Amino acid sequence: MKRKYIYLLVPALAICMVLFVRSAKPAKDTDIEVLLSRMTLEEKVGQMTNLTLSTIAREEENNLILEIPKVKDAIIAHNIGSFQNVVSHAYSVETWHTIINQIQDVSMKETRMKIPFLYCIDAVHGANYSLNSTLFPHNLALGATRNPELVKKCAEITAKEVRASGIRYNFSPVLDVGRQPLWPRFAETFGEDVYLTKVMGVASIKGYEGSDLKSINSVASCMKHYVGYSVPDNGKDRASANIPEIALREYFLPSFKAAIDAKAHTLMVNSAEVNGVPVHASKYLLSDVLRGELGYKGVVISDWEDVKKMHERHRVAESYKEAVRLSVEAGIDMCIVPMDFKFYEYLIELVKEGKISEDRINQSVRRILELKKELGLFEKPYVEKEALKNFGLAEYKTVALDAARESVTLLKNTNQTLPIAKSKKVFVIGPGSVSLTALNGAWSYTWQGKESKYFPQGERTIASAIRSEIGDDNFLYYKDFDFRDSTFNVEEIRKATETADYIVLCLGEDAYAETPGNIKDLNLPAAQMRLAKGVCWAGKLNKAPVILVLTSGRPRIIRELEPEVSAILFAYWPGSQGASAVGDILFGDYNPNGKLPFTYPKFPGDINTYDHKQLDEAVEETVPEYKYYYKFDPQWEFGYGLSYTTFEYSNLTVSPDKLTATGSVKVSVTVKNTGKLAGKESVELYARDLYASVTPSVKRLRAFKKINLEPGTSQVVEFQLTKDDLAFVGQNMKWITEAGEFEVMVGGLKGKLNYNDK
Ligand code: BGC
């Protein structure tokens, strides 16, 4: 009898315990394991599901209206744990606060577990989805600054303005290395160099995350897009890439590894495919490499609709449901679905059918809850009112101006055409001169960044910045241009430039983001080339030198235009203070110091990076019958950028000149400002392996330091190199530094060192 009772008692107790732990207890207890043990499968899968705002809100006459029945359906009926981005454009901070608090009210008051929801945003160059926020230069421009401290400051301000908007998770920074300039997201990268991307990426992550995600100064960052997104074979967005494993490891994994070591909390997956496998389906990349080798512990989030696309576009899954299975098995934790509940429904079915284990679900939910906990959402789920004081401070503009000034890159300055004296008459022309959108590029108050009506009042264009530098009387103008319509009358231009001392011609690219920015030709568009020819003709007749100012998200070929102009400024997408920075540089209020973060191609069919292999450097045949010659011949190489002053490099020493496995060598060089103006200079150390078992690059950037020198003064700049700084991925896919000779190069000087691991 006794035994019988015990048999009855045990299951009864178990049922009671389950009922108890699954009872409607608030999620105040932030012990993740306890929380997990109380959650139903549906509640767990809801945490893994991310929807876009338009599933629960609509816009009417520019007002955002939250549709409460839809919010309840998402959060209560479908347990959705996170939402993201905007319906179509940026909102005021007040609007953000209202909607976030309203959504959170449903999570906190009307759900069984009371787990706070998480809002996510793309704030990729400032809090670009909050009206009146400060927009900074895009990453490509930041790469040109060679100033990681400044990059960190931009990210810190972005974090403050995002958090002040009530949002705690930012899908930034892009850590893809920009080695294919056709790619329409080139401007979102820090450029083509691995080391530069590592340094700037880490600076950005530190700026976003600070030391405590609970702080009102911080947001969670997102390393994206893991991995191999930036080098599609056809140069298009979300297209296939074939990247040999050795190249993947040498060029594309290191920025993620550095960010993981810097404790970045989340990671977004590449939308496209690498070597025939969509990255969302790659257990090898998402689990074995990312978690196994790189030691990543944080949240892995899919990109937009990419699970579904494994069925619809990539065709590796015969059904959407199978795509869900593949992606979760591969390693994603959260899916930006983002339009419906399909991912949620299929994943629940898959677990119930035993095709995915609940343990696997627990792993992901644990990471997501941990993130929410670290962000302080359990303690303070609602908008933190005290964060509002961090929005829109005047000093942010100074940082944006510093960043734009330090990025703008002077590529040509024949006979010191620049700077222009402010007493001169300047004629300004070209679509870039009157465009705010071409200064700010992608992700600027709208996704595509093309609608200037959302921009803060009173922002300067290049034309208005020039006008304020020289005054109305010296400012000459013909008419407004548009990137789509550059019609002009060349005779009218000739007339309008008759009294001009200088012509500033502003060309380049208007804003675009992602796939809509695909192009088939890297040449500067024909309409702009026609305008440029007309302007240069008028300039010649009227003896007014032409200064070309390019605002652009990627290099557009200007080989034929370059000889016709006297000076060239490449301004990237320099952000809200970009026009002022250009004005300051044109008229000598600021001495330019940006250095190209990419190799500027001369021909659309001749694209290569500065760190190419020896084979691609030059080839010559002198036998008369077969004579030929080819050499690496870009318009300008990575690292190029002029100043209004001159710097002289001397005394390069390498000491000791023998490097051991545990030691380091000091490379030092003296840099002198030999001109008449104070100036900043990025001192860059390149190295090359003279012989190696995998063909060495002609050179690789291994370190840089930016210095500021008054005229006539000099500074000794020192770098420490260890064997890791000289390592490469060997034939066995492992990092190695091989014994032998290396050359180090700084500012045209060369030194040698010998590495021996003994
Ligand atoms: C982009 C991501 C972005 C995501 C969420 C995607 O289209 O590829 O970079 O973070 O949308 O908006």
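Odds and ends about this structure:
- Between 0 and 90°, nearest 10: helix 93-110 axis offset from the chain longest Cα axis: 20 degrees
- Amide H contacts under 5 Å for Ser697, placed H, 5+ residues apart: Asp689
- Secondary structure note: in the chain, about 55% of the DSSP beta bridges are antiparallel.
- Cα gyration tensor category, rounded, prolate or oblate, for region 569-659 with a/c compared to 1.5: oblate
- Sequence-distant residues sharing a close amide H with Cys335 (under 5 Å, placed H): Thr49, Asn50, Ser302
- By average C-beta atoms within 10 angstrom, highest first, the peptides 747-756, 381-390, 293-302: 293-302, 381-390, 747-756
- For region 295-371, lysine pairs with C-alpha atoms less than 17 angstrom apart, excluding pairs fewer than eight positions apart on the same chain, total 9.
- Positive minus negative residues near Phe483 (Lys, Arg vs Asp, Glu; Cβ under 9 Å): -3
- What you get for the chain, charging only the Cβ of Lys and Arg (+1) and of Asp and Glu (-1), is a dipole of about 1480 debye around the Cα centre.
- Over region 507-637, relative contact order from alpha-carbon pairs under 8 Å, at least 6 apart, %: 20 percent
- Nonlocal amide H pairs with Phe704, under 5 Å, H built at 1.01 Å: Leu685
- Mean ellipticity per residue at 222 nm, deg cm²/dmol - from DSSP H runs of n ≥ 4 across the chain, formula -39500 (n - 2.57): -8500 deg cm²/dmol
- Separation between Cα centres of region 609-684 and region 708-755, rounded to whole Å: 11 Å
- Within straight-line cross-link reach of Lys424, aspartates and glutamates at Cα separation under 20 Å, skipping those fewer than 8 residues along the same chain: Glu469, Asp472, Asp473, Glu498, Asp501, Asp584, Asp589
- Rounded Å value of the spacing that divides the Cα centres of region 333-379 and region 476-547: 52 Å
- Shape class for region 645-756, computed from the alpha carbon gyration tensor (a ≥ b ≥ c): prolate, with a/c not under 1.5 and a/b above b/c.
- Our note on the geometry: Cα centres of region 286-317 and region 404-426, 47 Å apart.
- Prolate/oblate/rounded call for the chain, Cα gyration tensor, a/c under 1.5 rounded: prolate
- On Cα atoms only, tilt of 342-352 relative to the major axis of the chain in degrees: 40 degrees
- 3J(HN,Hα) from dihedral phi, region 146-161, Karplus parametrisation 6.51/-1.76/1.60, rounded to Hz, x for glycine, proline: 6, 10, x, 4, 5, 4, 5, 4, 4, 5, 4, 5, 4, 4, 5, 6
- Taking every C-alpha pair closer than 8 Å and separated by at least 6 residues, the mean separation divided by the residue count of the chain gives a relative contact order of 12 percent.
- Candidate lysines - alpha carbon under 16 Å from Lys236, same-chain residues fewer than 8 apart omitted: Lys520
- Straight-line cross-link partners of Lys613 among the lysines, defined as a Cα under 16 Å from its Cα and at least 8 positions apart when in the same chain: Lys631, Lys699.
- Listed cross-link partners Lys422/Lys479; Lys206/Lys595; Lys453/Lys495; Lys479/Lys540; Lys283/Lys706 are compared with a 29 Å cut-off, the Cα-Cα value being larger for Lys453/Lys495; Lys283/Lys706.
- Judged by the mean number of other Cβ atoms found within 10 Å, the most tightly packed of the peptides 173-180, 105-112, 212-219 leads the ranking 173-180, 212-219, 105-112.
- Residue-wise HN-Hα coupling along region 252-258, computed from phi with Karplus coefficients 6.51, -1.76, 1.60 (Hz; x: Gly, Pro): 10, 7, x, 5, 6, 4, 4
- Taking each of Lys680/Lys723; Lys723/Lys750; Lys666/Lys723 in turn, the alpha-carbon distance tops 22 angstrom for Lys680/Lys723.
No value in this document is a laboratory result; all are computed from the given coordinates. Small disclaimer: the values here were computed from a predicted structure and weren't measured. Quick reminder, even Gly has a Cβ in these numbers, built from the backbone with ideal geometry, and neighbours come from all protein chains shown.
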